[in-house]
1. Taking the conditions exactly as written (under 30 Å from Asp439 (Cα atoms), at pLDDT 90 or above and in a helix (DSSP H, G or I)), does Gln114 satisfy them or not?
2. Which of (1) charged (D, E, K, R); (2) surrounded by 14 or more Cβ atoms within 10 Å (Cβ to Cβ); (3) touching a residue at least 60 places away in the same chain (Cβ under 8 Å) does Asp465 not meet, given it meets every other one?
3. Filter region 78-87 down to residues that are in contact with a Leu (Cβ under 8 Å, 6 or more places away or on another chain) and in contact (Cβ under 8 Å) with a residue 40 or more places away in the chain and give me whichever is surrounded by the most Cβ atoms within 10 Å (Cβ to Cβ).
4. In region 189-214, which residues are touching a Pro at 6+ places or on another chain (Cβ under 8 Å), outside any loop (DSSP other than H, G, I, E, B) and not hydroxyl-bearing (Ser, Thr, Tyr)?
5. Output the residue which, of all residues in region 308-337 that are of a type in the set (A, V, I, L, M, F, W, C) and under 28 Å from Leu100 (Cα atoms), is surrounded by the most Cβ atoms within 10 Å (Cβ to Cβ).
6. What residue, of Pro414, Pro430, Pro390, Pro346, is surrounded by 19 or more Cβ atoms within 10 Å (Cβ to Cβ) and either in contact (Cβ under 8 Å) with a residue 40 or more places away in the chain or part of a loop (DSSP other than H, G, I, E, B) (or both)?
7. Pull up region 129-141, narrow it to residues that are assigned to a helix (DSSP H, G or I) and in contact (Cβ under 8 Å) with a residue 60 or more places away in the chain, then point me to the one that is farthest from Pro414 (Cα to Cα).
8. Just one of Ala281, Ala246, Ala201 is surrounded by fewer than 16 Cβ atoms within 10 Å (Cβ to Cβ) and either modelled with pLDDT of 95 or more or not basic (Lys, Arg) (or both); which is it?
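The values are calculated or read from the model by the stated rules, or taken from the named source; none is laboratory data. None of these values were measured; they are calculated from a predicted model. Here the Cβ is made from the backbone with ideal geometry for all residues, glycine too, and neighbour counts use every protein chain on show.
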Amino acid sequence: MSDNQPSLTGFEESASLPTTLPGMPDAPSPAGVPNPKADIAALEELERHLYAHRYAQIGMECYGSTIDPEAATQDRGEALAILQEEDQALLCSPATGALLDRLSAATALLTPTQAAQVRILQRDRASQVDVPPEVASSLTRLLTESGDAWRRAKGAGDWAAFEPYLDKIVAKMREVASYRNASADPYDIWLDEYEHNTNRAFYDRFFGEVKDVVVPLLADVQKSRRPLGRSPFEGRFDTNRQWEMARDLVRLEGLDERKVFLTTTEHPFSDGLTSNYAIIACHVRENDVLANVFTMLHEGGHALYEMGVDPSFNYTSLKGGTSMGMHEAQSRFFENYVGRSLAFAPRLAEVMARQFRGQLGRMTPNQLYVAANRVEAQPIRTEADELTYPLHVLVRYEIEQLLMSGEAAASDVPKLWADRYKSYLGINVPNDARGALQDTHWATGLIGYFPTYAFGSAIGAQLKDAMIRGGLDFDGVCASGNLAPIHEWLRERIWRYGRSRDTTEMILDACGEPFSPSYYTSYLVEKFSALYGL
């Protein structure tokens with residue numbers, strides 16, 4: 001504990017919350033007599049109540065940015081803060097700690113699923129137990145407020161309006177990190193939050209390897225005299241028809257429509273409440289029909305992962321993706337390795353032409369493939385081509401480091417952003433809305449998340465290679481339009497495990513070797529050398 005922190009911290013010493021709540025484990029048996037059956041029953045009861053909190057929190061967070069009126073922001077923040085406090089009280093009470101310790105010492109009596117539950121709950125508890133509840137709930141309130149502030153600021157293109165919120169978020173996240181581990185780099189704490197066992201050293205190596213390939217490859221592409229056009233996709237495309245196309249894409253990707261709620265939002269996202277309920281929130285742009293297509297495939301990949309988790313995990317801490325790196329591996333896989341492949345282009349072209357026969361009825365699959373893969377340095381990350389995409393992520397990663405180390409403040413961000421976009425992509429940032437305000441992540445406290453987009457892209461390349469080496473006819477499956485064989489491969493090796501296995505373990509088992517970015521860089525070199533005749 002650092003000298004400037006109050007002496008009363010965390011749940012082991014705090015009396016600011018009730019000592020018992022529904023679902024909180026009871027005290028051990030009289031005279032300390034072991035009672036494994038009672039402990040397992042207490043574990044199940046604890047999980048049920050944590051699940052109810054999680055269901056409510058995900059729902060409120062998702063619908064807050066899609067359907068809630070602006071005036072409800074403070075009310076939603078208060079409700080989320082109360083849930084946060086009660087969730088933390090359940091998980092971090094001394095009784096829960098003792099229960100989990102007893103169960104972890106009796107693994108021979110547990111099923112593999114129960115043993116995994118105990119391990120994950122202990123990890124979740126360790127990340128919260130030393131954080132004072134008032135600090136955690138104040139961050140929840142701040143992030144609810146800042147999310148709405150970001151939407152207003154982006155709409156107005158006004159970075160200065162969002163600036164004070166980002167300074168507060170960075171300060172609060174540094175404070176939370178100091179309670180978790182006062183001796184650790186605060187940015188490392190949050191990198192590990194989104195991808196276990198990663199830190200700046202890991203991502204510095206990763207981005208170094210990727211940058212060494214992407215930067216010279218991009219330079220060669222930009223010198224190429226082979227122009228790739230997108231003329232069939234220029235012009236205005238009716239937004240109502242685009243929403244119908246989005247529903248067609250849900251079906252094409254193989255999602256169960258009975259389990260998917262599709263809604264609108266400023267910044268696309270998706271989440272899963274159980275294996276029976278996924279939310280996909282997107283936007284459509286009248287002048288960019290391809291943005292809708294690949295956003296839907298991206299968010300659909302997230303939804304496939306959430307709904308592919310073993311249904312028996314639904315009411316437990318094992319529900320959901322194991323990390324954001326693995327989650328982005330699924331979204332980027334279906335957006336790029338499937339969606340932007342030449343083999344899948346005929347099926348994708350059919351879906352697009354169905355809604356826009358007048359504009360796209362004569363489009364060829366090759367025209368779609370070329371347009372979807374044209375390299376063009378532009379300011380928006382979510383609309384970037386595969387080659388320039390990791391450079392967009394690198395910009396955010398470098399700025400996050402400066403913010404979390406205190407070397408930069410929110411007021412410095414627009415210039416840092418503009419300088420890096422000029423240096424890495426050779427473009428000028430046109431305005432704040434298409435610059436540092438384009439993503440919602442910082443406004444919702446997701447500092448440390450951005451690197452997982454590039455990491456996930458690289459995981460996807462390695463998974464694809466393993467599929468093909470294992471005998472799956474990847475191009476044949478994509479060409480058929482029936483992606484079930486790809487789903488089954490991923491479900492068997494990744495999806496079904498939920499949080500019960502970590503990314504490192506699953507990559508090793510699925511691919512027969514540890515993670516390596518070489519599959520990603522080789523994929524980029526091969527694909528874009530062919531496209532541009534290098």
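1. no
2. All conditions pass for Asp465, except number (3).
3. Glu86
4. Leu191, Phe206, Phe207, Glu209, Val210, Lys211, Val214
5. Per the stated criteria, the residue is Met326.
6. Pro390
7. My answer is Pro133.
8. One residue alone meets the criteria, Ala201.
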